[in-house]
Structure formats: structure tokens, C-alpha cells
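Everything on this sheet refers to the single structure shown next.
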Amino acid sequence: MEILHFLGLENANIPAQLMNAIWLGSLYSLFALGYAIVFSVLGILNLSHSAIFMWGAYFGLAASCGTSVYDGKCVELNHALWTAIPAAIIGGGILAVVIDRIAFYPLRKRNAPRLSQLISSIGVAIILVNLAQLRFTAERKGFPIADVPNTPINVPNGLDIEQPLDVARLALALVFQESGVSISPIQILVIIVAILLMVGLSYVVARTRLGKAMRTVAFNARVGNLLGINTELIYMIAFFISGALAGSAGILFALARNPAVDPFMGDSLALKGLTVIVLGGLGSIRGAVVGGFLIALIEVYINTATKYGYLDQAFVFMLFFFILLVRPQGILGQPIEDRA
Amino acid sequence: MLTLQRVSRNFGGLAALNAVDMIIPKGQVIGLIGPNGAGKTTLLNCISGLDHPTSGTITLNNKPIHRRGAHRITALGMARTYQNIRLFNEMTALQNILVAQHQQGHSTLLHSLTQWPGHWAEEKWMRQRAMTLLDQLGLQQVQHVLASNLSYGDQRRLEIARALAADPQLILLDEPTAGMNAIETEQVGQQILAMRERGITVLVVEHDMALIAQVCDAVYVLNFGQILAYGTPPEVKQNPEVIEAYLGKET
Amino acid sequence: MWGLLDSLLQPILDLATQLLEPLLERLATVGLSEPVVQFMLMNAILGVSIYLTLNCGMFSLANAGFMAIGAYVGAILTTQHGATLGEALLYGMLVAGIIAIPVGLPVLRLRNIYLAIATIGFGEIVRLIILHFDTLAVEFRDSKIFGPIARPILKLMVEDVDARRLEITLGARGITRIPVYTETAHLVVFLLVLSYFLYRLHHSRMGRAMAAIRQDERVAASQGINVVYYKNVAFVMGAMLAGAAGVFNALATRTIEPKAYGFDKAVDILAYAVLGGLGNWLGPILGGLTLTAIPELLRELREYSGVVTGVILLLIIVYLPGGLTSLMIPSFWRNGGRYEFAKRVTTAGVVLVGLVNVLPYQIDNGRILGYEFWGLIIGNMVIVGLLLWVRYTRQRQNGGHFSLPLMGVGITGVVLFIALALVGKIDHLAVGYYVHLIGMALVGLGGWISYPAEER
Amino acid sequence: MNKFLKVLVSCWLIAVVMLPLSALAQDGGEDAPQIGFWDECANPENLEGEISVGAVFSQVGIAAPYGATQLNGAKLAEQQINESGYLGAATFVLADEDGGSERETAIAAMTKLVDETGVVAVIGPTLSSQAFAADPVAAEQGIPVMGVSNTANGITSMSEADDVNQFIFRNSLPEADVIPNTIAVSVAVLGIQKVAIIYGDDDDFTYSGYTVFVDSLDENGVEILSEDTFQKGETDFSVALTNIIAEEPDAIVVSALINDAVQIVIQSRQLGYNGPIIGGNGFNSPALMVDAGDASEGVLVGAAWNIVSQAPLNVSFVEAYTEAYGAAPDQFAAQAYTGTWLMATAIRCADSTSSDLIRDELASIEGFDSPLGPFSFDVDRNPVHIPVVQIVDGGKFEVFTDAYADYFAE
């Protein structure tokens, strides 16, 4: 209890806040992973990532709601809710590849400076946000509330072992006895998907031939070419994965925070994703995950334990500032050798 | 003039330089040879301040320089060229020289803004000096050509001119004849000798043993980050350890 | 001293005002009213502010933060102390510059993306601090350690330091009732002086040193250039200019709020510079002017204007690597021989036509291309088609004209448009009309240019 | 035919002709109530041609969701004004320009309307910060401008010069008028003693709302347990809400715009909080019930406009709007609609396109019956009408009365 007092946490609902941190961290990590992949393979910051995130949510919405979302709110589902998720993943992936072909490929071809690539990604972001506004209006949209299983799992609530979702509920009930922890099935889904994707990606990058090729290209595209790797294909795959991650983050977020889909939904994450990958180490997959959870923890801690909750973002940026100064490569990044 | 004492440089766990001792006397041309990857460029980087030794000391005219930034070392009278040419590609040949005279100039932005008379005099003087240098190296024809558009030989020569522009007492040449034909190499040899005549000390890294033999007063041989041998060019050529290092490399 | 400066400047400003009047009237007819022109000029200053750092090889995005500092200093001085524009400008620039020094020293050790991200962080911190300044000020005032330091500083900002609630930056509500002192003439004179300054910088020892740092930092260091010093000088100068732009902005909009100077603004500023081109100092000025004007010129497109702005940004970045100014540099056209020259001329022509194909010029009181969604789509598809055509025209070994069909397209375009104007079908000869004509002429010219056979 | 018969036949003829006419007159006059000062001001005689009134609403950027419904409301009013011949021979033209979501864009739009389009008056812009920046552009040239969604303090006294302020109006009830009433009523009915506040700290609307909340809570002797903030675009409030719920407040007081409001309501219910949630004008949108569903039950909303009000004018407005746009109007639409009618009324009563006369007529409007209720301007050109306190009950807003005293009792 001494330590809790010292940390300013004596009045806090710690299990509940931990749960919040885990959920937020999963979301941040999932979003930042896509950022990190493109950065590690191509060395560019794709600022349209948040726009892909937003479009992923719209793809999902359109897939399960049908065309009714063009003009108004989605009143009833045309297709099953789950169709939204593959639609967002595939749509996001394809969108990212298209963006690469339009905005990055020509620049890469003539060896343009990174700066131009950053600007062209900004141009894409402007276009995508405005297109979304044209197509779907600026109004916030979502799935019909009744169809999304985000009634919280409150412990202890009535459990129904028949229901698969209630198994998770039971598990939670065992972990947090009556501690007011509440989390919805969709949030659990986000956490599970995030963890699966992170593990899967680490596996792909570390173990498979594709991963090896990606790492080679990331290290030096020319070397990759010499080794007979189709670098353009690798770039395309990297963009697809990145877009798919953004899209899945978008739709999962849209489901968990239903209704949450509007053309600006990616804005606040754009900057946060940036801090996440810098904290974790630019281009490091594991770094993005660690950074995501770290930032979520810091935010939750500052909000819970101090009276400076309104400065939580400032604290995050300060920290990130100092980490950059002390360890520019981030927490898990490889040191950058400045070659003579 | 330049003294290195037990200079080491580690990259991670890898020792690129290991307790190197070197003395470069004033007014001489000293050669530095060694197989690829022996640590020659690392050594030059440490001397010129682009890199810093992990341990050991380097003194120039009895002033320690191993912790100083590159620009302060240049101010003490050292200049260098690069193995892979590193000119300012977006500038013309003339501008490249003008940049290198930075330490010779004194005018600040305020002078320039107010059209201070001294500023004009200085600009004019710098231009004249640059033109003389370009003349000396046969580059006056291409003074307004962008460095990136120069021919390879011209780029090499411009690098030397740029090094000379800083008015150095000690000049480090990193493979000045790499990729040149015999005639051009010969010209570079002449220029090095001309530098010595003007009292400039030269440290030259070279693979071309003929050139070394032609211009150097003494030669250091570096292998695996350590000094293997020292002596006049003929002495070094006959040193069995040196032969082994080179042959071992070749087989 | 101040009065003397004022009396010296006033006639110049009056003269500038007089000279500007007809120009402003002309601009207003194409949709660029005087406030818009003012914002264009401010953004040109911002473009220069980031150019100074980019020109020194530093990818800094801190300028929106410094702009915020300048704006708040200017607003507080004019509303609380009755300062004039000159005083506000002086102190705004000074404060921004002074804050830039401790920020720059550590941060400028970082490179590229790392520097960019660190400076984005700085901008956000500035925004958040301004947002919560009043609360923080009370905290500091009441703190035992910082109180003695904070009090005198706060005394400069409010009359009653001991009030329960301090109202300095007023949080999200922002400062209102800021007097409007900024006039177009001020901005024009400021920008002219700035241009002279940049021109001189370009041809001075310091300017050369900065250019050298941009091109190769380490080699520059071994040419005897104090890289850290010059980087910091450029950073501070950039900060001061951004501060000046902030002061002008605050004293033109009557009200300021922290969110106007956030991440979006930082990105906009970067876009001004890159779009205009970093090849020389005219680029960022041109970029700032153009990028601010485009959405206003496209006002008629209403909801489509955002998309079109983005497309234009993308087109320039992709097809004009050196930005808008590269069009003005002779070597851009000369490099690569006549074939490349022809290719560039035609590309430029198509881009020009692309720029105006969405602008409002009228035929038969109906708009051709643009306004209507499908008109816009078709117009842009034609432009993209032409661009692809130019791109994939192959260089033939035997030489010859670049592309006679393209020449045909260009000439047809020119003839058609002149004819339409002659028969009175185009009743409003706006800028767009002339730009379109020039663009088509360039397409024709480029197609006609011949190149010699390849040497074997 | 004798004289008597002649008179009789004439009377009969007259009666046959006149009766349907009088019936017609009754149709128009009594059954459907007509908004406007039809009787207070005579039919205009001098007006002709097109009379342009500018509208600066945000169509792009962060304020676009509000600007969109504002434009809808104003356009509906424009259509009704012209169809009813409210301005006599003249046509009322709503010259709308996109105000963007920034100060600069609002200034540009306002300048264009005033200098080029030549409007006689302007409605808008959407955001208060835009109003501070752009209103003087019109007001300094003597063109009246009326905010229909500007709630920040000092909008109508923004300038140092009173003759400029004279031209700045608003019909949007500031939070300072709505919230004290809301707090007083809810404290009186529910006996609230301690509350927690959560508000958006980077937006002038929500920030102003927060300061008024704090003051009126103080006045009513309610203890504030904690204050939490969020920023625009944040969609996850679970951390702050977990903290708040741990403090066990009697009510959660929220100053937020509708999108954030919906999330806060949903998430606090998800976290197991079932007590009252008190909000201001920002909550007053049908989206609250549509998007938050059951979670919105028991949310108290102080507002300038009550959608379920059975006042005839309000019913006809809601009907017409729903028919035209396929969705129920929100407060922004209602205020823009009323604002447009107010402007048209000023033009009608002035019977002139002189901006000075229009201003004077606007300032003297009193007891104008509108969807917002009977409407007048005070001497400072701020709106005078009675705010309402509503509660979400059974999926729709109901007027909050003593009957709800036991609503939250378990």
C-alpha cells in the first residue's frame, strides 16, 4: 500500500485501468505496426496511414451495411457483421498498394528525397479524407447498435456458458473478482487480433523466406536486387500488410467504439502512431508493440495518478523528446551507423 | 607535426584500429598502405575529426585533436580528400572552392546584408584565390560546371583543389588516383610533389605502389588495424611480413 | 529611435499601398480578395522560415510551434500593453528566437526523420502548454520553488498576478479583440526585405556554408565549417521568421486559438516549401503563395476543392521533382539534351492545363470541365491520359520530333480556345484562360521539338 | 323579375362565390400555423429582384458535421420564404460560401460575400472562433451578421467600437444562459450533492461550457469531485470515466459536442455507471438516441431547443425538415432555420435592402414565434428565450420535471 500511495494510485481502480491500458495499447500497437513495416522496408513515413485506417472502417461499414451508408446512417445490416473485418483488411491492403503505385513508386523510381515522399503521402491523406467526406459526408456513422456485441462483460453478470463469448467472460470473472472491470467482446477481439497479428508478423519477419527477403531489402535494396529479390514485389507486400493492418485497426476500432466512423477518425492516431514507433524504435516490429503499450500505460497512469491528466499528451511528447535525444534509435531500435 | 599514440577505434566489438602509433614529420610525404579493410579510411577519419578514437591520443603541432570536431581541426591547418569522391554536387567547381575557403573568410551575414566594403574586398580576394587554384589544377575551363557534371578525373582534381583551398599545413589524400589512368596518376604525383615543395605535409593513402615509390619519403603499412611495418618505400617493399599480408590477401 | 524608424518606413508603406491597389483589385476579380492575399503572403513567409532550416539540411517541423509563440506574444502585447505592430513584431520574433536556442541545441543533433519527429513533438508541447498556460501559470506562481521566477514573468503578461484565475492565453477560447494592424503593404515590404536578405545570403560566405552543410554535413565540417553553429543560426532565424508570421497572423485575424497552430499547420508549412521547390529561395515564397491561393481559386468547386487541392499537390510532387521553381531554372530544361527538354516542356504544358481544367472559366454561361462531378472526372482523366502519353513516348534511335500527335493536340487546343474567345463563346477572359492557352502552346511546342539521332 | 328577387339572387350568387373563398382563407390562416411576422409588418412593396443573404457554414473540416445541418436548415427556410411570398415580389437568395473550419477560410468566405456577392446581411459562421475573426469584416462595413451557432462569451461585443458591435447578432443561446438553469433544475429535482466533470479542453464551445458549469455548480453548492479533460478526436474515454466512476459521483457533468457526447454516454454506461449524465447544448441532437441507444436513457440535456416540443411551429418545422432531408433536425438546423427566417423578417419589415434599416428591424424583433419558441433579441443583440431541460426517456427527449425525482432511484 505504501508503494501505491507513493505512486498516487491508492484510490484507483487498478485492474480496470490495467484493462484499459491493455485495450488502448493493443489499438495503438495495431495501428503503429503498419507504420513501422513501411518504415522498416522502405524508410518512409507514410502519413496517409491514418487515412487508410479511416477508409478501412468505411470499407467494413459499406461491406456489411450495403450502400445505405452513402447517404445516411446504417439502419440495418445487409450482410453479416463479420464480413466487415475481411473487407476492411483486404480493402485497406489494396488501398495501400494503390497509394504506393500512385504516390511513392514514381518518386522511388527517380530516387527522390525522403522529404518528397513524405509530402506526397500528405497529398494522399488530403485526397483520401476529402473523398471520404464527399462519399459519406462528415457525419459520424456506425453499425446498428443492436448488432454489435459490445455490451460490456461486467463481472459478475449472469454467465451463459453456452455462449462462446461468455467463456471469455468466465475467464475474466476468475481473474478479476468483482473489481468493476468491464470490457466488451469486441475489445477482447481487438486485443486478441492485435496479439495474433504481432506474433504472426514477428514470425513472418524473423523466420520465413519472405521475412528474410524483406529484411534484406530493408537493409539495402540494391543488395536485395543483386540477390535476385524482386524488390518491387517486396515493397508491394509491405504496403499490403501495412494497409491491411491499418484497415483491421480501423474496423476493429469502429466496432469497439461504435459509432465512431467519420472522415477524421484517424487524425488523433496519426500523431500517436508516430510517437509509438519512435518510442519503440523506428522500423522495429517489436518496438511498435512495446511503444504502443508503453504509451497507453503512461497515458493511463498520468490520468489516474496525477492531477495533470490534461497534460498527458504533453508528458508523452516530453518523454518521446528525451528518448529521441538520448537514444535516437528508440527503445528497441538498432543503432544507426552513420556511414562515411 | 602529427603524432598518433596508441590510437584504437572499436565498432561494437570489432577493433578497426588497434593501438596505432604514427609520427608524421613536418614537410614530408608519408604513404599509408595496406590491404582492403585494414582500417586506412577509419584512421583518416579519426585524424580529420569525422570520427573519434575509442582510446589513444592524436596531436597536431602538439595540440591534442582527437576530441575536437572536424571544423576545429581544419582550423588548425588540416585538409583532406575522400576515397569515394565527396564534392558538393549541387555547386559549381568554383563554389566548391569558395566553400573550402570558409576559414579564410571572416565576413558575417551582417556584412553581406549591409554591403560592407570589407565584404566585397573579401569576396573578390576569395574568388581570385580560387581561380588561381583552379588554374593550378587545370580546372579553369570548368569553373562554372556543376561538380556532379564534371568528368571523373576533374572531380578528383577538384577534390585536391578544394583541400588546398583551406590553406592547410597537413593534407590527407585518400586514394587520390583511384580509377585514374597512368597519365593522370602521373599528374597527381607531380601535384603531390609540388605540395611538398610548398612546405605542405602530406599523408597519402594509396594502392599504386609506383606512385608511393615516386613521391613518398616513408611508408606505414597497416593491416587488421595495426601498424605492420614502417620505412622507406624500397624497405617496405622487401619486408616479408608486408609481402605475406598482401599475398595472403590475394590468394 | 522608434519614431525615426517609423517615419522612415511610413512613406515606403504608403507608396507600397498605392502601388498595390490596382493589383489587389485585379486579384479580387479572380477570387483572391485582400485578406486572402494577406494569408498568401504570410504563408510565403512561413515557407521561407522552413526553407532556412531545410536549406541547412535540417528537416525541422517546429515552425508551427514558433508561429504560435509569435502569435501569442503579438496578441498579448497588443491587447494588454497597447503595442504597435512594429513592437509586436520585434518582440514576437525575439521571443521565438530566444526559445529556439535551447530547443535547437539538443534537438539539432538529430537527423532526418528523427529530427522531424522531435520537432513535431516540440510543436505539440507548445500547443498543449499554450492551451493550459493559465492553469500552469497559477501552479507555477503558487509553487515555492518556481514562484519567485514565475512572478516577474507573469507580471509582464497580466496586471493582477495574484488573481485567483489568471487569464492570459485563455485556453481553448483563445485571445479575442486583437486589433487589426496587419496591412498588405506591411507584408509585401517585409517579404521584399526578406527576399533581399535571402538573395544576399545565397551569395555570402554564410549562405555557401549552409548549402554545403545541406549537401554533405561531414564534408562541410572538414572544410572548416562549424556545422552546429550554422545549424543553430538557421534554426533560430527560421524560428524568428515563423514568429513574425505568427504576429502578422494574430494581428490580421482578430482572434487566435491554439489549435490553429498544430500539427496540420506544421505539415502545411512543409508543403509550401517543398511544393515551391527547395532549389532556391524563390521556391518557398512561390509555394506559399500558390498553395494558399489554390483552394480559394477552387472555391467554385465547393466540396470537390479539397480533393483537387490534394491532387494538385500530388501531381507537382510526382511530376515536378524540383517544385514549381524548377520550371524557372534554365538547367532544368537543358539537362538531359533535347529529348528530355521536349519531354519537360510537354509535361509542364499538361500540368498547366491540368491546373486550370478545374478553374472556372465559362463557355456559353455553362462551365466546361469542372464544377460538375463527371466533368471533373473526365477532365482529370484527359489530363492523366496526356501525362501518361508524354511519359511513355519513347526516344527513337533515329531522332525526329518528340511527338507529332501531341503537337497536334496542342495546336488544336490553342486554335480552339482562341477561336472560342473570338466568337465570344468565352465571355470572361480569366487568368485560367491564359494559363490554359500557354499550357496548350507548351504541349504543342514540346511535341514539335526535334532531337538528333542517338550517337553510337 | 321583381326587385326583391334580384337582391335575393345577387346575394345567393355572392354567397356561392364567396363561401369557398372564405374556406380557402381559413385553410391558409388557421390550420397550418405560418412562421413569420405576416401581420406585424405589412407586405413589402419596395422589394424586387433577388435579395442575397450570405451564409458562411463549414462544409469541410472538423466543423463540417454541424455546418451541413445548418445549411440544410437555412435552405429549408429559404425555400419556404420564397414559396410563401414572404418578401413580396422579391426572391430571397441564400448565397452560401464554405467557411471551412479555420479562421482564415471564414474570413475569406465572409470577404467574398461582402465585397463581391454584395449581400445585404450574413448568417454564420459556424464556429465561435471563426465568428470572432470574420464577423467584423461584415460589421465594419455596416452589414448585419447573425451567428446561429456561436455560443462563446462576448460574440456580440467582440469589437472595441460599439457601432461595429451594433451589427453583430446571434440567435444561439449561449451556454451561460442554458447551463445555470439546467444545473439548478437538476439539483432541485434530483438532490445532487457531488459531481465529476469531464470536458473538451481544446474547443472554445466545450471549454466555455465547462467554465459555466463550474460556476453554476458552485452557486448551487455542489461539490466537484474531479475534473477530467479530453481533446478533439479522442474517442476513448474509458480511462477518465473509470476514474470518475471510482469516485462515485451523484452525476457526471459533461461539456462536449455530440460525437464525443455519444461516446461518453456509451462508455460510462459500459463501465457500469447508471446515474444521471448532465450535458449542455452539445447534447441536443437526435443522434444521441440514435447512436447511443439504450445507453442514452437518463441523460439530462439543457438546451435552447426542444425537438419534441408540441408547439405548432416546431412540429411543422420538424416535419418539413424530415421530409426534405430524410433525417430529424438537430439544434444546429433549428437555429439556422430560425435565423434565416429572422433575417427575412428583418428585410420584410424594413421593406428595403438597406443594411442599416435591416439591422434596425432585426434589433427590434420581439416575440417572434419560431421553432425555438417566442424569440426576441435583448439590447446586446443576444437571444432571449427560455431554455429547456430535457431527459432522454423511452428513446426520446422529454421535458424534465419533478416527476423524474425518483427516476434514478434503484
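The values are calculated or read from the model by the stated rules, or taken from the named source; none is laboratory data. Predicted, not measured: the structure shown is a model, and the values here were computed from it. With ideal geometry, Cβ positions are generated from the backbone for all residues, glycine too; neighbour counts draw on all protein chains shown.
Key figures
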| read-out | value |
| --- | --- |
| Which numbered condition C:Asp268 misses (of (1) over 30 Å from B:Ala165 (Cα atoms); (2) more than 10 Å from chain A (Cβ to nearest Cβ); (3) under 14 Å from the mean Cα position of the chain (by Cα); (4) surrounded by fewer than 24 Cβ atoms within 10 Å (Cβ to Cβ)) | (2) |
| Answer from C:Thr84, C:Thr119, C:Thr135, C:Thr78 - the residue that is at pLDDT 85 or above, at negative phi and touching a Pro at 6+ places or on another chain (Cβ under 8 Å) | C:Thr78 |
| Sole residue being touching a residue at least 40 places away in the same chain (Cβ under 8 Å), farther than 21 Å from D:Val212 by Cα, in contact with a Ser or Thr (Cβ under 7 Å, 6 or more places away or on another chain) and buried (at least 20 other Cβ atoms within 10 Å of the Cβ), chosen from D:Leu288, D:Leu271 | D:Leu288 |
| Residue satisfying condition, being modelled with pLDDT of 90 or more and among the small types (Gly, Ala, Ser), within set D:Ser159, D:Ser186 | D:Ser186 |
| Test: residue in the range C:233-253 that is farther than 16 Å from C:Tyr51 by Cβ, touching a residue at least 24 places away in the same chain (Cβ under 8 Å) and at the interface with another protein chain (Cβ under 7 Å from one of its Cβ atoms) | yes |
| Hits in the range A:108-143 - residues which are in a loop (DSSP other than H, G, I, E, B), closer than 30 Å to A:Asn258 by Cβ and of a type outside the set (Val, Ile, Thr) | A:Ala138, A:Glu139, A:Arg140, A:Gly142, A:Phe143 |
| Yes/no for A:Phe240 being away from chain D (no Cβ under 14 Å), at pLDDT 85 or above and touching a helix residue (DSSP H, G or I) at 6+ places or on another chain (Cβ under 6 Å) | yes |
| Count - residues of the range A:75-96 that are touching a residue at least 24 places away in the same chain (Cβ under 8 Å) and surrounded by fewer than 22 Cβ atoms within 10 Å (Cβ to Cβ) | 8 |
| Options A:Ser284, A:Ser268: the member that is within 10 Å of chain D (Cβ to nearest Cβ), surrounded by fewer than 23 Cβ atoms within 10 Å (Cβ to Cβ) and at pLDDT below 85 | A:Ser268 |
| Some residue of the range C:53-62 being of a type in the set (Val, Ile, Thr), in a helix (DSSP H, G or I) and over 24 Å from D:Ala134 (Cβ atoms) | yes |
| Residue match in the range C:118-134 (condition: away from chain A (no Cβ under 13 Å), more than 19 Å from C:Leu61 (Cβ to Cβ) and not β-branched (Val, Ile, Thr)) | no |
| Search result, residues across the range B:95-110 that are buried (at least 20 other Cβ atoms within 10 Å of the Cβ) and more than 8 Å from every other protein chain (Cβ to nearest Cβ) | B:Asn96, B:Ile97, B:Gln101 |
| Positions within the range C:16-50 being farther than 19 Å from C:Val180 by Cα, at the interface with chain D (Cβ under 9 Å from one of its Cβ atoms) and in a helix (DSSP H, G or I), in sequence order | C:Ala28, C:Thr29 |
| Residue satisfying all of: in the range C:135-173; in contact with a helix residue (DSSP H, G or I) (Cβ under 6 Å, 6 or more places away or on another chain), more than 27 Å from C:Asn63 (Cα to Cα) and in contact (Cβ under 8 Å) with a residue 24 or more places away in the chain; surrounded by the most Cβ atoms within 10 Å (Cβ to Cβ) among these | C:Leu166 |
| Filter pass, C:His203 being out of contact with any Gly (no Cβ under 8 Å at 6 or more places or on another chain), away from chain D (no Cβ under 14 Å) and under 21 Å from D:Ala133 (Cβ atoms) | no |
| Matching residues, the range D:303-326, being touching a residue at least 60 places away in the same chain (Cβ under 8 Å), of a type in the set (Gly, Ala, Ser) and in a loop (DSSP other than H, G, I, E, B) | D:Ala304, D:Ser309, D:Ala311 |
| D:Thr69 of a type in the set (Val, Ile, Thr), at pLDDT below 90 and buried (at least 24 other Cβ atoms within 10 Å of the Cβ) | no |
| Residue in the range A:76-99 that is within 14 Å of chain C (Cβ to nearest Cβ), part of a helix (DSSP H, G or I) and in contact with a helix residue (DSSP H, G or I) (Cβ under 8 Å, 6 or more places away or on another chain) present | yes |
| Residue check for C:Gly65: out of contact with any Asp or Glu (no Cβ under 9 Å at 6 or more places or on another chain), in a helix (DSSP H, G or I), in the same structural domain as C:Thr253 (by TED's automatic domain parsing) and buried (at least 20 other Cβ atoms within 10 Å of the Cβ) | no |
| C:Thr182 being in contact (Cβ under 8 Å) with a residue 24 or more places away in the chain, hydroxyl-bearing (Ser, Thr, Tyr), surrounded by 15 or more Cβ atoms within 10 Å (Cβ to Cβ) and more than 14 Å from chain D (Cβ to nearest Cβ) | no |
| Check on C:Lys259, within 14 Å of chain D (Cβ to nearest Cβ), basic (Lys, Arg) and in a helix (DSSP H, G or I) | yes |
| Residue tally, condition small (Gly, Ala, Ser), under 17 Å from the mean Cα position of the chain (by Cα) and not in a loop (DSSP other than H, G, I, E, B), over the range B:61-108 | 4 |
| Only one of C:Ile113, C:Ile101 that is more than 11 Å from chain A (Cβ to nearest Cβ) and either more than 24 Å from C:Val267 (Cβ to Cβ) or modelled with pLDDT under 90 (or both) | C:Ile101 |
| Qualifying positions in the range C:170-216 - assigned to a loop (DSSP other than H, G, I, E, B) and of a type in the set (Ser, Thr, Tyr) | C:Thr176, C:Tyr181, C:Thr182, C:Ser204 |
| Test: residue in the range D:348-357 that is within 19 Å of the chain's Cα centre (by Cα) and not in a strand (DSSP E or B) | no |
| Selection from the range B:119-138 of residues that are among the small types (Gly, Ala, Ser) and within 12 Å of chain C (Cβ to nearest Cβ) | B:Ala130 |
| Flag if C:Val103 is in a helix (DSSP H, G or I) and closer than 21 Å to C:Leu251 by Cα | no |
| Residue satisfying condition, being in contact with a Cys (Cβ under 9 Å, 6 or more places away or on another chain), modelled with pLDDT under 90 and not aromatic (Phe, Trp, Tyr), within set B:Glu175, B:Glu206, B:Glu186 | B:Glu206 |
